[in-house]
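Here the structure is laid out as structure tokens; the discussion comes afterwards.
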Amino acid sequence: MLAQPDSPKPSPPPPPESTELTTTEPPSSTTTTSASVSAATSSDETGNPSPSPDPSQNRPQIPITWPSGGTLTLDWVTNLMSTFDWSSRNLRPSELPTVLPLEAFDGLILTASKILHKEPNCVPIEPDKDAVGASVVVVGDVHGQLHDVLYLLKDSGYPCENRFYVFNGDYVDRGAWGLETFLLLLAWKVFMPHRVFLLRGNHESKYCTSVYGFEKEVLAKYGDNNKGKHVYRKCLGCFEGLPLASIIAGRVYTAHGGVFRNIPATPSKRAKGKKNRKVILSAESVPLSLGSLEELSKARRTVLNPPWEGPNLIPGDVLWSDPSMKPGLSPNNERGIGLLWGPDCTEDFLKKFGLKLIIRSHEGPDAREKRPGLGGMDEGYTIDHVVPSGKLITVFSAPDYPQFQATEERYKNKGAYIVLNSPNFDTPIFHSFEASIPRPKVNPYYDFEDVIDSDEELDLTKMVESS
């Protein structure tokens with residue numbers, strides 16, 4: 001149980017023991033957690049169940065207020081975590097403003113946005129190689145599964161001076177607590193901006209949040225009015241500031257989807273009065289090749305929806321691409337955006353930039369069951385490519401995903417996170433964990449029975465309209 005607000009957690013828990021893995025074999029043991037949840041007895045005006053009070057949890061001091069001066073403390077952040085946990089079990093979604101008023105939301109989102117927008121597209125993360133016990137925790141998709149995120153943070157140990165975190169995107173959509181999940185991670189970012197790093201996922205976009213539930217979730221919680229629309233707009237603005245990738249200790253590249261293409265430029269015929277004008281060739285006019293880190297650093301990430309055509313293709317590649325067992329680099333026709341890349345491209349990328357690992361996310365159990373030749377996501381991770389220079393790993397941190405499943409049998413996948421330890425930070429230690437169930441009762445914010453599975457076959461017309 002997380003610390004309650006009247007007795008905040010005084011110090012981070014130690015990291016759990018685990019076994020170092022260097023093969024594709026799953027870990028020999030997993031950690032199971034469960035929560036006691038009372039049954040719902042009625043519904044609010046949006047159709048969401050009205051939870052019965054949970055006697056096992058003390059009522060926190062609400063509302064949460066933004067501290068004067070905007071300086072956060074560990075007590076403030078852990079109080080936010082336990083209060084979100086409590087409210088998810090004891091209040092209707094529409095009562096969230098009584099927990100986090102608009103003024104506190106604004107203070108948090110604006111402070112975090114300023115920090116994020118100042119970070120480069122590819123964030124260099126340099127933990128102290130000589131520090132005893134220094135580690136970096138890499139987390140994959142969490143998709144609004146608040147209680148699993150709370151468990152993960154407790155299990156792996158809170159961020160601290162020697163424990164860095166890299167979150168690999170997809171904080172929202174599909175799960176019912178995307179807003180709370182995103183905000184508590186922003187709180188950690190504000191509290192420890194040089195230890196917690198939040199990268200962008202493909203779901204941190206206007207298009208995906210309009211299809212997979214986050215927009216409706218925000219409006220259900222803060223009102224389908226100016227307040228709710230204000231909260232949604234501020235979240236979109238914050239999404240635009242999220243960096244695209246990171247490089248850990250000069251050895252590990254992390255990004256939500258993966259690698260990206262080179263965007264060649266060539267001088268065109270000079271028009272009268274115009275000198276040195278350049279034209280960017282379309283993606284179809286040149287053979288595909290891997291891009292450089294310099295190109296990644298210059299890409300324009302402040303877009304509501306990553307483009308699938310035109311000169312600014314790198315953000316779409318980084319967020320939407322998938323690995324393949326087929327050699328080469330090709331358009332990702334199944335998704336309609338991004339790339340497919342084979343083991344040869346993984347080797348080229350690692351060797352070119354002196355790296356040992358690529359850690360990406362983006363694919364859950366529903367996506368992987370449609371990908372022949374690649375491993376399933378039962379344990380929350382897969383090792384997709386093993387090449388002379390290193391490995392390509394996919395990590396997915398949302399267990400029993402998606403929260404709302406239309407299939408006859410649930411996937412019941414485990415989630416996982418990766419720990420990279422000093423001195424080299426390039427040998428992954430995998431930690432699998434099971435879902436925190438039963439979850440509080442709540443209705444979905446999207447049509448999970450009819451919506452597109454696994455982000456495939458995107459409606460590009462709607463993506464343009466939402467830009």
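Tabulated values for the structure
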read-out	value
From the options V123, V138, residue that is in contact with a strand residue (DSSP E or B) (Cβ under 6 Å, 6 or more places away or on another chain), on the phi < 0 side of the Ramachandran plot and crowded, with 23+ Cβ neighbours inside 10 Å	V138
Count of the range 347-368 residues which are of a type in the set (S, T, N, Q) and on the phi > 0 side of the Ramachandran plot	0
Per-region count, the range 185-219, residues open to solvent by 20 Å² or more (accessible area, probe 1.4 Å), more than 26 Å from T71 (Cβ to Cβ) and among the hydrophobic types (A, V, I, L, M, F, W, C)	2
Top-ranked residue in the range 432-447 [being open to solvent by 50 Å² or more (accessible area, probe 1.4 Å) and not acidic (D, E); ranked as nearest to Q405 (Cα to Cα)]	N443
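The values are calculated or read from the model by the stated rules, or taken from the named source; none is laboratory data. What you are looking at is a predicted structure, and each value in this text was computed from that prediction instead of being measured. Every residue, glycine as well, gets a Cβ built from its backbone with ideal geometry; the counts of neighbours run over all protein chains shown. Ligands, DNA and RNA are excluded from the accessible area calculation, which covers all protein heavy atoms including side chains. Shrake-Rupley method; radii C 1.70, N 1.55, O 1.52, S 1.80 Å.
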